[in-house]
Each structure stands twice: as structure tokens, then as C-alpha cells.
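Enquirer: Handing you this structure, nothing more for now.
The values are calculated or read from the model by the stated rules, or taken from the named source; none is laboratory data. Not measured: the values here are computed from a predicted model. When we count neighbours, we look across all protein chains shown, and the Cβ atoms used for this are built from the backbone with ideal geometry, even at glycine. Heavy atoms of the whole protein, side chains included, go into the accessibility calculation; ligands, DNA and RNA do not. Shrake-Rupley method; radii C 1.70, N 1.55, O 1.52, S 1.80 Å.
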Amino acid sequence: MRNQILALTVGFLSIASFAQKNELKAAEKAIKKGAFKEAKAALAGLEGAEDSMDAKYKAKYFFLKGSAYGKSNVEKAAAAYNKLISYEKEIGKQKYTKEAQPKLNELIQFVSKKAIDSYNGKDYNKATKNFYLTYKLSPTDTSFLYNAALSSSLGKDYDGALKYYKELQDIKYTGIATQYTAVNKETGKEENMGTKANRDAMVKFGKYTNPSEKVTESKQAEIIKNIGYIYVNQGKPELAVAALEEARKANPKDINLLLNQAQMYIKLEQMDKFGALMEEAVKLDPTNPTLFFNLGVVNAGEDKIEEAIGFYKKAIELDPEYGDAYLNLGVTVLNKRIAVINEMNENLSNDKKYTELEGTLKEICKDALPYIVKADELGRTEGTVSTLLNIYDTLEMTSEADALRPIYKEMRGQ
């Protein structure tokens, strides 16, 4: 009885193996004549038996499956080719790998090009899908995962972008890469040649000169910053601050992380904390005029007029063409008028005191005038012109006011 059962079992295996052989022959024949739908139908019956498939047919099955699906279903085709390559590596026999590897590379390039075209066409949803698929097909090319996160964020799919950015953190992605560059003799411009071998070959052929290598900066700070912005867009600035604080523990001197955390405090309207971080930033980067400008804004908002004036002047010292700093400095000086005007209103019946205060008011305007004039020279706006007119009228500078008034009316469309 045992012998009979064994015989029947062997018989079933032989039948199954025979059927697999026939299905594979049919699929192969269909692929050769370009009948891919027919090939897929032949292979479909074998999908459920992949694990138990006869070892002598398994590699061929994966190869034919990859060939049948190809660009019509890149994910399925690539999965088949990857299984084939892994399987033949496992058994130590690479009969189909040499033919499958270039086909797999072709699929990766096909999807990658679709992703880039979609990105350039600002179809960020399609770009995200294909960048991520490229990454899944070629997991060593982690830059495609970064591109998927970026595209998803640009497409305002913040949940998807957050998932991709966190996946980048999980794999400890830095984005640091070596660029192999050389100068194009024809254009005189430096170009990234992709690989060292390609660059060296082009230099050898005489088409390029000045070969050099550049190491790109880490993108880890940018990833955390982007996670922070996603949380802000999701209405979760507290989580953004927490993410940046955690990142800064590992990189306390990273000025970009610090500035992004400071921006989150603006979103949260916590200007005291923003100011504290700006002071910390100034210590890290004491020649950055923008940092001093921001400190000026914070102090002006807290009615610390003299402190604000000092910070604006420092920003101008570092950047003599900083138009916004000149404008804010002038406006901050003019803000001294508020207390004077209030006092004038309290002394309407006291001619002597009123006249004295009027003189103080004019002195304030004289102090502010050169800063507003400079701001107007660097970048005329309706605000600079309006402020200048106000000063000219206060100082009774009639000719200057008359010259500027028609310009102001034109700017306002009057």
C-alpha cells in the first residue's frame, strides 16, 4: 500500500513538471512572436506554484515572466528579474542573469525617465509614483527615494511626503555624493560627468579640461526641515519644533537647523523663543546680516527701540546694500514719534511745550530721513515713497514733496 501511494505521488510530480514545461514552452513561443498577452496567460497558471516549481524550470520561469510583462507592468517584470538574479546567485549558476540584468537596467531607466519628465512637467503625483518605483526597483539608488519625497511634498501630498522622508531617515540617507566634473572646451562651462571613468575618458579625448571632484553637502538637515514644514502645513507646528529640536541635539552647531526651528516659532507666534534662537544664531554666524536684521525685527516688535536700531545698523554694516534693513531702521527711528505725538496731544493748550515737542518731532524725522532715502534708492516701493512724503511734509520740504507726490499717485493708480 505504501509503495502504491509513493508511486502515485511521483506520478503527480511528473505530471506537474510536464505541465510546467509545456506552459513555459508556450510562453516562450508567444514572446518570440510578440504575443505578450498570450505569454502572460500561459504564465498565469504557474504563478501560484512558484515556490514548489521544479528547480530546473524556476530560473527560466522568472526570466520569461520578466520578458512577458516588460514595460507594460514594470513592477511585476522587475520583481521577476530580481527573483531570477537572486535565485541563480543562490544556486551558483547564472544561465539567464547575463541577459536579464540589462533588461532590468532598461526598465529602471524607463521608469526613471518617466519620473523626470513628469517632474519637469510639474505633474508631481506621477513623478512621485515613478521615482518611488525606481527606488524599489533599484534600492541602492536612494536618491530616487529622496526625489519621491520632494515630489510628493511639491504635489501637496503631505502624508505621502512625510512617509518618504521618514523612510529616508530610517535608512540614514545623507545625499552626500561625489560629483566628477570637468570644463567643456566648447562652452567653457563646468559640467558633472556622472562617473569618474566617463570624466577621465572625455578629458583624455581632449573635449574637456580641468577635471575635479566635488563632494555634495548632506541633505539630512534639509530632510528634517522639510518634515517640519509638512507638520506646519498639517497644522502641527508643535511637532515641527519637536522634530527640529531632536535633530539639533545631534547637530547643535548646524545653523540651518537652528534657523528652521526659529521659523517654526514664528508660526507659533512665540517671538521670545524666536529671538533667543536668533541670538544663538548670531554667535554661530556673526557675519550674517540677515540674522542681525531678524534680531532687529524681534526687538522692534517688543518696543525695544534702541536695541532694534543697533541690530539694524549692524546688518547694514555687514551689508551696505541691505534695503530692508535701511527701511526698517528708518521706520524704527520714526516710531519714536508716537510718544512725542501723544505728549503733543496732551499739551494742545501749552504753546511753549507744544512748540518744543514739535521741534523734537522734526529732529526724529531728520534722523530717519537718510535711511528711508537709501532704502528708496535701493528698491523703490509704495511704502518707501509714502514714508518719504510723510517726512517731507513734516519737515516742510515742499519742493521734495511736490516732486514725489505725482510718483506716489501713479504707484497707487490714481
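Enquirer: Based on what the data block shows, is Gln94 part of a helix (DSSP H, G or I), of a type outside the set (Asp, Glu), open to solvent by 50 Å² or more (accessible area, probe 1.4 Å) and modelled with pLDDT under 90?
Expert: For Gln94, the condition - part of a helix (DSSP H, G or I), of a type outside the set (Asp, Glu), open to solvent by 50 Å² or more (accessible area, probe 1.4 Å) and modelled with pLDDT under 90 - is not met.
Enquirer: Within segment 133-151, work out how many residues are among the polar types (S, T, N, Q) and open to solvent by less than 30 Å² (accessible area, probe 1.4 Å).
Expert: Matching residues across segment 133-151 total 3.
Enquirer: For segment 293-304, what are the residues that are open to solvent by 20 Å² or more (accessible area, probe 1.4 Å) and closer than 15 Å to Leu329 by Cβ?
Expert: Phe293, Asn294, Val297, Ala300, Gly301, Lys304
Enquirer: Considering only residues that are in contact (Cβ under 8 Å) with a residue 12 or more places away in the chain, part of a helix (DSSP H, G or I) and out of contact with any helix residue (DSSP H, G or I) (no Cβ under 6 Å at 6 or more places or on another chain), which ones fall in segment 273-300?
Expert: Those that are in contact (Cβ under 8 Å) with a residue 12 or more places away in the chain, part of a helix (DSSP H, G or I) and out of contact with any helix residue (DSSP H, G or I) (no Cβ under 6 Å at 6 or more places or on another chain): Glu279, Glu280, Thr290, Val297.
Enquirer: Hey, another quick one. Identify all residues within segment 301-319 that are part of a helix (DSSP H, G or I) and in contact with a helix residue (DSSP H, G or I) (Cβ under 7 Å, 6 or more places away or on another chain); write none if there are none.
Expert: Gly301, Ile305, Glu307, Ala308, Ile309, Phe311, Tyr312, Lys313, Lys314, Ala315, Ile316, Leu318
Enquirer: Here's a follow-up. Could you list, in sequence order, all residues of segment 97-142 that are of a type in the set (S, T, N, Q) and not in a helix (DSSP H, G or I)?
Expert: Ser138, Thr140, Thr142
Enquirer: Kindly list, by first and then second residue, each pair from a residue in segment 71-99 that is farther than 22 Å from Tyr132 by Cα to a residue that is open to solvent by 30 Å² or more (accessible area, probe 1.4 Å) and of a type in the set (A, V, I, L, M), limited to pairs with Cβ atoms under 9 Å and residues at least 6 apart or on different chains.
Expert: Every condition considered, the pairs that remain are Ile91/Ala55; Gln94/Ile85; Tyr96/Ile85; Thr97/Ile85.
Enquirer: Further, regarding this structure: Have a look at Val232, Val241, Val282, Val331 and point out the one that is open to solvent by less than 50 Å² (accessible area, probe 1.4 Å), out of contact with any Asp or Glu (no Cβ under 8 Å at 6 or more places or on another chain) and over 30 Å from Asp159 (Cβ atoms).
Expert: Sole residue among the options that is open to solvent by less than 50 Å² (accessible area, probe 1.4 Å), out of contact with any Asp or Glu (no Cβ under 8 Å at 6 or more places or on another chain) and over 30 Å from Asp159 (Cβ atoms): Val282.
Enquirer: Checking Leu348 against (1) assigned to a helix (DSSP H, G or I); (2) free of Cβ contacts under 8 Å to residues at least 12 places away in the same chain; (3) not basic (Lys, Arg), only one condition comes out false. Which one?
Expert: Only one criterion is unmet by Leu348, namely (1).
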